[in-house]
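I have placed the structure first, in the form of structure tokens, so that the comments after it can refer back to it.
The values are calculated or read from the model by the stated rules, or taken from the named source; none is laboratory data. As the structure is a computational prediction, the values presented were derived from the model and not from experiment. Cβ atoms come from the backbone with ideal geometry, glycine included; neighbour counts cover every protein chain shown. Protein only, heavy atoms only, side chains kept; ligands, DNA and RNA dropped before computing areas. Shrake-Rupley method; radii C 1.70, N 1.55, O 1.52, S 1.80 Å.
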Amino acid sequence: MSEQNQDRAPLADPAEDDAFFPSPYSLSQYVPPKTDFDGVEHEGEYTGGRWKVLMIGTEERYLMTEEGKFFSTGNHPVEMLLPLKHLADAGFEVEIATITGAPVKLELWAMPAEDEAVKDTFERFKQQLKNPRKLSDLVESELGEDSDYLGVFIPGGHGAVNDLPESELVQQVLDFVQDRQRTLITLCHGPAALLASGLGREESRFAGYEITVFPDALDEGPNVEIGYLPGHLRWLVAEELGKQGLKVLNEDMTGAVHRDRNLLTGDSPLASHALGKLAADVLLDEAAARD
């Protein structure tokens, strides 16, 4: 079948009225059978046994578009699982939480069919993803001055736009990151969670930070045109982050990663492997400095 004739119509999700998965054509463009993963660089290097990483996933499946259609989304598996692999293989314990403790939602249609690293990591964390911790429990009892969380990881996927930016609990986690100078790792649409820092405040605590993030131009145009999205987003992530004083460095999707102080970001699924390597490097250095 020629590219011109491939189906660009979003596929109906029978579980919800007027809900859609990405079109077959868009998946042929965005979901290769393998990622660029070529191994971890710090296998088992952290042996201290104390420091952990907190991953905050989205528990929301459906993202409403301007046109009133739902995008059937969640967290992107590559954006979640490759960074997790680097961090866990380096020796850090990973704990997974959602806002209410409901299961993490994933875009399993984006799972690379021939990538054993991604699929094996999914199996490794499957039970935690189904039974995450309740974020309020962590905020209440485990984010004090002596907290064992060295880093916080917020993966991407359009689902992160749903619940994280308006959560006061997420704001409290971000305050913990800044108060205790812990490392925050996020990519693609995950940086939408940074908007929670500005809730009820004149200024975000991340104002002035430079970041990479999924380009608004793709969500405004091509992602709708090729049927990846069933409609236009009601607001754009990079635009809103800019309003809070963050500086978005990228206008396209190249796999770029960036570090600004304690914030590590990546622009898309293409950045997952590189961001995972960077995160492991940084957290190992931090662990050595704090132990």
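Of note:
- Just one of the listed residues (71, 122) is at pLDDT 95 or above, part of a helix (DSSP H, G or I) and under 21 Å from residue 269 (Cβ atoms), namely 122.
- Verdict on residue 20 being in a strand (DSSP E or B), surrounded by fewer than 24 Cβ atoms within 10 Å (Cβ to Cβ) and of a type outside the set (Gly, Ala, Ser): yes
- In the condition set (1) more than 16 Å from the chain's Cα centre (by Cα); (2) surrounded by fewer than 18 Cβ atoms within 10 Å (Cβ to Cβ); (3) more than 22 Å from residue 257 (Cα to Cα), residue 143 is compliant with all but (2).
- Members of the stretch 74-100 found to be touching an Asp or Glu at 6+ places or on another chain (Cβ under 6 Å) and polar (S, T, N, Q), listed by number: 98
- Only one entry of 229, 249 meets the criterion of being open to solvent by less than 10 Å² (accessible area, probe 1.4 Å) and touching an Asp or Glu at 6+ places or on another chain (Cβ under 8 Å), and that entry is 229.
Matching residues to (1) under 30 Å from residue 45 (Cβ atoms); (2) assigned to a helix (DSSP H, G or I):
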{"residue": "227", "(1), (2)": "no, no"}
{"residue": "230", "(1), (2)": "no, no"}
{"residue": "241", "(1), (2)": "no, yes"}
{"residue": "254", "(1), (2)": "yes, no"}
{"residue": "259", "(1), (2)": "yes, no"}
{"residue": "271", "(1), (2)": "yes, yes"}
{"residue": "281", "(1), (2)": "yes, yes"}
{"residue": "285", "(1), (2)": "yes, yes"}
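- Within the stretch 146-160, the set of residues being open to solvent by 10 Å² or more (accessible area, probe 1.4 Å) and not acidic (Asp, Glu) is empty.
- Considering each residue of the stretch 42-57 in turn, at least one proves to be closer than 19 Å to residue 162 by Cα and part of a loop (DSSP other than H, G, I, E, B).
- Search result, residues across the stretch 23-41 that are crowded, with 20+ Cβ neighbours inside 10 Å, part of a loop (DSSP other than H, G, I, E, B) and hydroxyl-bearing (Ser, Thr, Tyr): 23
- Complete set of residues in the stretch 150-176 that are more than 16 Å from residue 97 (Cα to Cα), assigned to a helix (DSSP H, G or I) and not acidic (Asp, Glu): 161
- One residue alone among 203, 240, 210, 220 is farther than 18 Å from residue 267 by Cα and open to solvent by 10 Å² or more (accessible area, probe 1.4 Å), and that residue is 203.
- Residue in the stretch 49-64 that is closer than 27 Å to residue 182 by Cβ and modelled with pLDDT under 95 present: yes
- Extreme residue, least open to solvent (accessible area, probe 1.4 Å), among residues of the stretch 86-118 that are of a type in the set (D, E, K, R) and over 21 Å from residue 266 (Cβ atoms): 95
- Pair list, Cβ < 7 Å and 6+ apart or interchain, from the stretch 278-291 residues that are farther than 10 Å from residue 92 by Cβ to residues that are modelled with pLDDT of 95 or more and of a type in the set (Val, Ile, Thr): 278/257; 282/183; 286/183
- Members of the stretch 61-85 that are open to solvent by 30 Å² or more (accessible area, probe 1.4 Å) and touching a Ser or Thr at 6+ places or on another chain (Cβ under 8 Å): 61, 62, 85
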